[in-house]
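Step one of this worksheet: look at the structure below.
Every read-out reported here was derived from the displayed coordinates using simple, explicitly stated rules and does not represent laboratory data. If you're wondering where the values come from, they're calculated on a predicted model, not measured in any experiment. So basically every Cβ, Gly included, is an ideal-geometry build from the backbone, and we count neighbours across all protein chains shown.
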Amino acid sequence: MLRTDASSGRNQPITCLTDSFELLAPSLLAALVVTQAVGGQEEIVLDERLVGVGAAIAAVRLRAPLIVAIVAAALATAVARLL
């Protein structure tokens, strides 16, 4: 199937499948992070790891580089475990 590109008026292949695959990687990564952060043996565990996830989320929201978000998460988790 083809669709008409609004800007050029040419026929282009439908990219809805490609667009769906672009969303697959971030959603799988988010599911992995949640599973690792709150997953225990057979129950949900709320512990210091959530502090690290929160620090990483805050760093990302502040548009910090990825390495800064990772270091912030590690430091926040370590400090929470010390307390």
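Give me D for the stretch 26-83 in µm² s⁻¹, whole number, from Stokes-Einstein with Rh from the Kirkwood sum over alpha-carbon pairs, 20 °C and 1.002 mPa s.
181 µm²/s
Which of the listed residues, 44, 65, 82, is farthest toward the dipole's positive end in the stretch 10-83, when Lys, Arg count +1 and Asp, Glu count -1 at the beta-carbon?
65
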